Structures are given as C-alpha cells and as structure tokens.
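The values are calculated or read from the model by the stated rules, or taken from the named source; none is laboratory data. As the structure is a computational prediction, the values presented were derived from the model and not from experiment. With ideal geometry, Cβ positions are generated from the backbone for all residues, glycine too; neighbour counts draw on all protein chains shown. Only protein heavy atoms, including side chains, enter the accessible area calculation; ligands, DNA and RNA are left aside. Shrake-Rupley method; radii C 1.70, N 1.55, O 1.52, S 1.80 Å.
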Amino acid sequence: MKYLSVVEKIHRYGILIGNGIKDPIISERMKCYGYTREKMNQASLMHQEVEKADQQNRVKHGDHDQFKDKLKKAEKAFHKDYIVDLEFARIALAKQPILLDRIGASGRRQKAVAAYFIEAEWFYQALANDESLLKMMSVYGYTKESIQQQQKEIENIYRLMEQKIRASGEAQHSTQVRNRKLRELDCWVSEYKKVAHLAFMDSPQLLEKLGIVVKSGTGGK
C-alpha cells in the first residue's frame, strides 16, 4: 500500500467528501445507507478543521525553524568573535596564567552548550568589571563598550534559546492537535469507503469519482 503524506490524505479526503455531496447519484444512494446531507456536511466541517489545523501546524513549525536558524547564526557569529577575544586575552595576560585561569580564558572551551555560554558569560563579566584587565586589553583596541556588546550578544542568544524552546513546544502541540483531528477524519472516511464499496460494487466509475481506486477485474463487467 502506498504511503500517503498528510497533505495527500487531506486532498483525497476533500475529493471524496466533496463529490459525495455534489454528485446527485452518489449522494442519493449513500443517503440510503445513512449518509444524509447533514451527515456529509458534518464530514465537510471535519475536513475543514483538519485543513485549518494542518495550516496552523505548518505555521508553528515554520516559526520554530526560523528561531532555530536565527539561533544557529547568532551562535556561529558569537563563537567567531569569542575565540578571537580569548586569544587576545591570552596574549595580554601571557605572563599571568593564574589571572587567565580566574577569568576562564585558559584551556579548551566546554562542549556542552549551557556550560559553554556560562563560561563565556563569566569571561566577559570578569573583563567588564575589572579596570586593570580592561586596561591591558585596551592595548589591542578593546573598550568597556566592546566587552558589553559581547555581553548583549550572549543575552540575545539566551532569548533566542528561550524562543526556540517555546516555538518547539507550540509546534509539537499543534502537530498533536492536527493528528488527533486527522485520526477522527481517518475513521470517518474508512467507514464511508467500506459502505461505498458495497453501495457501488457494480459502478466502479462512481467509486473512482470518490477517489477510491478500483482494482482491475473487480466490481462490474
């Protein structure tokens, strides 16, 4: 059996329900099996709800992807500047290894994201709050303002992290809502198809009008 994407499913269900309502022969015969106009209209509303939920889901996932992309770019740009700043600090404090350790400028950077930014935050905070360190770094063009700008970049990255987490949660929730509504429509369509197969076993062309594939050699002559 061919796997159908959500979009394909929704499209096919729309054809089935739409033609089930519009085609007079189909609608009249299916009415005999309990599929009244009212019941078909309810199915149409279910379909519209699934379409709406799927569109909302796409928006939410798009928002998540945007925050994810913004965060990735911000982290990449920050890392580039951070590594350069660390190297200049190591040059400026080459003769003071204990001081380098105190501001977290010696050794390799942490691999874990949270630990990495805590370490970076400590580094820039130490520079911004110590006039003697700033004076040594000023030889290489650093100012309190330039250090504070890096601190702002860290704050911006933290905001983007929060937004990404929030967007991820909203995207997951919207997917759950969409899937729940789609499962309800799946059940309705599955039953409708079974009834239609019996109602039109001698009229494969009407089944095909509902989007129901009829195997060669079955139903009709």
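Taking the accessible area of the chain, probe 1.4 Å, and keeping the other protein chains in place, the carbon and sulfur fraction comes to 55%. Which listed residue (GLN66, ALA115, HIS11) has the Cα farthest towards the positive end of the charge dipole for the chain, taking +1 on Lys and Arg C-beta and -1 on Asp and Glu C-beta about the Cα centre? Farthest towards the positive end: HIS11.
Quick check: from the Cα gyration tensor, does region 96-158 come out rounded (a/c under 1.5), prolate or oblate? It comes out oblate by the Cα gyration axes.
For the chain, the Kirkwood radius over C-alpha pairs fed into Stokes-Einstein at 10 °C and 1.306 mPa s yields D = 70 µm² per second.
When the label point is put 7 Å from the Cα of LYS52 along its Cα-to-beta-carbon vector, which residues of region 1-22 have a backbone N closer than 19 Å? Answer for region 1-22: 7, 10-11, 13-15, 17-18.
Taking 41 Å as R0, compute the FRET efficiency from the Cβ-Cβ separation of TYR140 and GLN66 and round it to 0.05. According to the calculation, E is roughly 0.70.
If you place +1 on the Cβ of every Lys and Arg, -1 on the Cβ of every Asp and Glu, and leave all else neutral, what size is the dipole of region 62-221 about its Cα centre, to the nearest 20 Debye?
Rounded to the nearest 20 debye, it is 600 debye.
The HIS173 and ILE83 beta-carbon pair, evaluated with R₀ = 35 Å, returns a calculated FRET efficiency of approximately 0.40. Highest GNM mean-square fluctuation among GLY141, GLY169, GLY20, for the chain modelled with Cα contacts below 10 Å: GLY141.
Once you reduce region 5-42 and region 57-90 to the center of their Cα atoms, the two points are 49 Å from each other.
Note on HIS47: accessible area is roughly 20 Å² with a 1.4 Å probe, heavy atoms of protein only.
If you wrap the Cα atoms of region 127-188 in a convex hull and average its projected area over all directions, you get 5.4 nm². Region 96-131 and region 178-216 have Cα centres lying 65 Å from one another.
Legend: P(r) of region 1-102 from all alpha carbon pair distances, 10 Å bins from 0, whole percents, reading 12, 21, 17, 11, 10, 9, 9, 6, 4, 0.
Surface exposure of the chain, expressed per residue as accessible area with a 1.4 Å probe, stands at 64 Å².
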